[in-house]
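Working notes, structure below.
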Amino acid sequence: MKPYVDAIHRDIEQLATESLAQLDQAVKIPEGWCTPNGTLFLPAPPGYSRDKQIMVLALNYRNSGALFRSAFDERTVAVITSILGPDVELFMEGQCLYKEPVGGHPKHLHQDAAYFEHRYDGPVASLNYVVETNLENGALYVVPGSHRLGMLKHIDTFSHLGLDGKEWPWERAVPIVGKPGDAIFFHVKTIHGSQQNHSTKPRPVFIHRYRRADDYIVVSGTTTENRGQADQHLGDAAKASQKGFMVSGFRPSDGEMRPTNWTGR
């Protein structure tokens, strides 16, 4: 992601400034507090200059042209299609996790499938470093081979769904340090997480997710309660309402009529 990272970094910091300016308008939601622009805040650690910190910055394909362009990078798509096959779509609209300096929140070890379990293989994530990322400022930790364990039971944690820390301590995971633009590709059931940012500067990352064009969510949630509720409606999941932008290949028509932008003359 090196060709894109400077432009994305500028968009990230502009959005972080905007989000902090909107903090007095934040609304309480089950996951934390949400500002009008969609940024998610969590409680800040004791002694911080304010009581809330950014967790998920509302950067996405609708407000950052640089982020959207980077999702279609040819080298990235080549890696993705080698894993998923030729017909691939974007899943979600991009994501930016933002650790503020001096204590920026940890994200407990977890599987992304806990948040969005799919009918088939599920999405491949590409997590991309924006700044030099190391053990001080919150490098990604992964448990190699953990995607083979299947779907594990998650509990509610400070940072939403996560694995029980007694069974899955940080010592079982391996940190991945990296430079701006480095990309890490991982399976939706890979156990991963990140510790606090103890540096004096923010540590943002941005994420692209890709999936087979025929795949779709069957269970989703952010807490054990709402995930359990979704689990009761497993049979209601359908692909028709979950179609993303194609990055490779072709999606045949399913016969469903949809409005178009053309006009006959």
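All of the numbers you see were taken from the coordinates with simple rules; none came from a lab. All figures in this text were calculated on a predicted structure; none of them were measured in a lab. Heads up, the Cβs are rebuilt from the backbone with ideal geometry, glycines too, and the neighbour counts pull from every protein chain shown.
Numbers for the structure displayed
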quantity: Relative contact order (%) - the chain, alpha-carbon pairs under 8 angstrom, separation at least six; calculated: 25
quantity: Loop-resident sites, region 14-80, for trypsin sites (Lys or Arg not before Pro), counting at most 12 other Cβ within 10 Å (DSSP); calculated: Arg50, Arg62
quantity: Total formal charge among the other residues, if their Cβ is under 11 angstrom from that of Lys2, Lys/Arg +1 and Asp/Glu -1; calculated: -1
quantity: q = 0.11, 0.15 Å⁻¹, the chain: log10 I(q)/I(0) [Debye, one scatterer per Cα]; calculated: -0.63, -1.21
quantity: Extension gain, Arg251 back to Arg62 (0.36 nm per residue minus Cα-Cα distance, nm); calculated: 65.8 nm
quantity: Counted charge near Glu132, where neighbours are those whose Cβ lies closer than 11 Å (Asp, Glu -1; Lys, Arg +1); calculated: +1
quantity: Inter-part distance where region 1-75 and region 182-201 are each reduced to a Cα centre, Å; calculated: 16
quantity: Across Lys153/Lys243; Lys179/Lys201; Lys107/Lys166, pairs whose alpha-carbon gap is larger than 19 Å; calculated: Lys153/Lys243
quantity: Förster radius 22 Å - calculated FRET efficiency between Asn37 and Lys201, Cβ distance, rounded to 0.05; calculated: 0.50
